[in-house]
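First the structure, which I've put down as structure tokens, then a few questions once you've had a look.
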Amino acid sequence: MLVGFPHVPPCSLCLRFLTATVAAPLHPDAFLAQRATMVRTQLEERGIRDQRVLGAMFAVPRHEFVSEEFQAEAYEDHPLPIGSDQTISQPYIVAVMLQHLALQPTDRALEVGTGSGYATALLSRLCAEVYSVERHPELADFAKSALDRLGYSNVTIKVADGSQGFPESAPFDAILVSAATPAMPPALLVQLREGGRLVAPVGFSASQQLQLIRRVGGGVEVRELEGCRFVPLIEGAVPL
Ligand code: SAH
């Protein structure tokens, strides 16, 4: 029987997860009902259908990836500041990108632009191994401590220019680029294995398009997805 979650909406997926959660009432999550509402109204009702993505979005505590002053807004339908002039992405666009990556539990994934570590945590639940690159050391530190605290142990984060990828751990089945670039860095395409998928915002700051790139037969197939707005991918030396 479900007890103690009077505001949880009737979403079958969330109810399944809640049923499992009720067995461990010693660690109540004050944001559980908000997260259930986010999954239902921002994701399911807007067409996200991948059950593994929906399950991960319900499981990952987004409020743990923002500073205390923004925790109350953590499940709202927009990006939030995370310091260093960067943002944690809107939940919906993260779900869209993950759904297009069609992730398998055995996949090795690369993320460019760790930021808060939120999408890293989602990738961690959906893949076998996650490699993530962030150019701001203080964001990488914040993400590492949140991921460690929450027990996401299949993640490796490094501070570097992510446009160079993570050559020492390539090739990857999936690459998630969380910052916008007018042209896809060649190193990322090289590090995608045959059959691998890459999702990235492509374009300049005012006008960007999400692209799904598949590596097939030694070449690449590009599919244009929806419009989006991300912070820019800054190539070159990382800040000290
Ligand atoms: N998925 C993250 C998105 C953060 S915003 C989240 O939801 O929190 C994009 C991130 O990309 C920022 O943290 C920014 O510092 C980082 N970034 C921009 N250019 C980069 C580069 N060349 N290499 C690595 N990270 C980069």
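Which numbered condition in (1) among the hydroxyl-bearing types (Ser, Thr, Tyr); (2) within 13 Å of the ligand (Cβ to nearest atom); (3) within 15 Å of the chain's Cα centre (by Cα) is the only one that THR156 fails?
Of everything listed in (1) among the hydroxyl-bearing types (Ser, Thr, Tyr); (2) within 13 Å of the ligand (Cβ to nearest atom); (3) within 15 Å of the chain's Cα centre (by Cα), THR156 misses just condition (2).
Also, I was wondering about something else. Search segment 109-151 for residues being surrounded by fewer than 24 Cβ atoms within 10 Å (Cβ to Cβ) and among the aliphatic types (A, V, I, L, M), and hand back the single one that is farthest from the ligand (Cβ to nearest atom).
ALA128
May I pose another question? Can we say ALA140 is out of contact with any helix residue (DSSP H, G or I) (no Cβ under 8 Å at 6 or more places or on another chain) and modelled with pLDDT under 95?
no
Checking the conditions here, which among LEU54, LEU80 is open to solvent by less than 20 Å² (accessible area, probe 1.4 Å) and either touching a strand residue (DSSP E or B) at 6+ places or on another chain (Cβ under 8 Å) or among the hydroxyl-bearing types (Ser, Thr, Tyr) (or both)?
So the residue among LEU54, LEU80 that is open to solvent by less than 20 Å² (accessible area, probe 1.4 Å) and either touching a strand residue (DSSP E or B) at 6+ places or on another chain (Cβ under 8 Å) or among the hydroxyl-bearing types (Ser, Thr, Tyr) (or both) is LEU80.
State whether the residues of segment 157-168 include one that is part of a strand (DSSP E or B), open to solvent by 40 Å² or more (accessible area, probe 1.4 Å) and modelled with pLDDT of 95 or more.
Scanning segment 157-168, I find at least one residue that is part of a strand (DSSP E or B), open to solvent by 40 Å² or more (accessible area, probe 1.4 Å) and modelled with pLDDT of 95 or more, so the answer is yes.
In segment 186-240, what residues are part of a strand (DSSP E or B), within 16 Å of the ligand (Cβ to nearest atom), more than 22 Å from LEU123 (Cα to Cα) and open to solvent by 70 Å² or more (accessible area, probe 1.4 Å)?
PHE204
The values are calculated or read from the model by the stated rules, or taken from the named source; none is laboratory data. Given the structure is predicted, the values throughout are model-derived calculations rather than measurements. Methodologically, a virtual Cβ is constructed for each residue, glycine included, from the backbone with ideal geometry; neighbour enumeration extends over all protein chains shown. Remember, those area values only see protein heavy atoms, side chains included, never the ligands or the DNA or RNA. Shrake-Rupley method; radii C 1.70, N 1.55, O 1.52, S 1.80 Å.
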